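Here the structure is laid out as structure tokens; the discussion comes afterwards.
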Amino acid sequence: MVPFIVLVVSFAFFCIIGLLNPLLMDWQTSLRIAVALMFLVTASAHWGKRRPDLIKMVPPVLPNPKFIVSITGVLEIICSIGIVIPFTSNITSICLAILLVVMFPANFHAANKNVKIAGKPTMPLLQRTILQIIFIIAVIVAGYPFNSTL
């Protein structure tokens with residue numbers, strides 16, 4: 001839930017800045033920054049105290065869960081940078097959407113096996129699926145080349 005809160009609160013914050021000074025940023029720039037912040041927060045868990053829990057989320061059919069957790073964290077950091085750069089935001093948004101889809105089986109596994117994250121049960125699968133869809137929409141909209149005057 002923390003990533004969702006970061007996404008919504010930071011998007012609102014940067015939209016307000018854009019309303020105060022439209023030359024500074026538009027809604028899409030606000031969304032790109034919010035998506036980047038969200039993925040930086042999620043990436044930080046890949047090496048922090050929640051790392052062992054994330055490793056437990058990796059489905060057992062996949063080899064080397066520690067490497068998978070590390071590489072997905074690195075990809076999240078790279079994409080956090082790429083999404084804020086207008087020239088790379090489109091391709092980065094596609095990569096992030098794919099990354100979210102590829103990582104979803106870990107959420108499925110965690111929900112079915114009652115894996116705990118920081119001592120708390122993982123989000124139920126239906127809620128997690130809805131949240132994942134929201135994240136996918138956010139990353140695609142952040143990278144889609146909208147006219148900033150919309």
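What follows is calculated from the coordinates using simple rules that are stated; it is not laboratory data. Since this is a predicted model, take the numbers as computed values, not measurements. Glycine also receives a Cβ, built like all others from the backbone with ideal geometry; neighbour counts cover every protein chain displayed.
Can you spot a residue in the stretch 68-80 that is assigned to a loop (DSSP other than H, G, I, E, B) and hydrophobic (A, V, I, L, M, F, W, C)?
no
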Seminar exercise, completed: Taking the stretch 48-85 and keeping only residues that are in contact with a Lys or Arg (Cβ under 8 Å, 6 or more places away or on another chain) and farther than 24 Å from Leu125 by Cβ, one is left with Ile83, Val84
For this session: Looking only at the stretch 57-79, decide whether some residue is surrounded by 15 or more Cβ atoms within 10 Å (Cβ to Cβ), in contact (Cβ under 8 Å) with a residue 40 or more places away in the chain and over 12 Å from the mean Cα position of the chain (by Cα).
Result: yes
Problem set entry | Looking only at the stretch 1-60, and only at residues there that are touching a Ser or Thr at 6+ places or on another chain (Cβ under 8 Å) and assigned to a loop (DSSP other than H, G, I, E, B), the one that is nearest to Ile117 (Cα to Cα) | His46
Problem set entry | Test: residue in the stretch 9-24 that is within 20 Å of Met123 (Cβ to Cβ), exposed (fewer than 15 other Cβ atoms within 10 Å of the Cβ) and of a type outside the set (A, V, I, L, M, F, W, C) | no
Exercise. Does Ala111 fit the bill of being among the small types (Gly, Ala, Ser), surrounded by fewer than 17 Cβ atoms within 10 Å (Cβ to Cβ) and touching a helix residue (DSSP H, G or I) at 6+ places or on another chain (Cβ under 7 Å)?
Worked result: no
Problem set entry | Sole exception among (1) in a helix (DSSP H, G or I); (2) in contact with a strand residue (DSSP E or B) (Cβ under 7 Å, 6 or more places away or on another chain) for Asn114, by number | (1)
Exercise. Can you name every residue in the stretch 25-53 that is surrounded by 16 or more Cβ atoms within 10 Å (Cβ to Cβ), small (Gly, Ala, Ser) and under 14 Å from Thr72 (Cβ atoms)?
Worked result: Ala43, Ala45
Exercise. Looking at (1) assigned to a helix (DSSP H, G or I); (2) under 19 Å from Val6 (Cβ atoms), which is the one condition that is false for Val101?
Worked result: (2)
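Conditions (1) hydrophobic (A, V, I, L, M, F, W, C); (2) under 30 Å from Tyr144 (Cα atoms), marked per residue:
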residue: Gly82; (1), (2): no, yes
residue: Pro86; (1), (2): no, yes
residue: Ile91; (1), (2): yes, yes
residue: Lys116; (1), (2): no, no
For this session: Given the conditions (1) part of a helix (DSSP H, G or I); (2) touching a residue at least 60 places away in the same chain (Cβ under 8 Å), report the number of the one that Thr129 does not fulfil.
Result: (2)
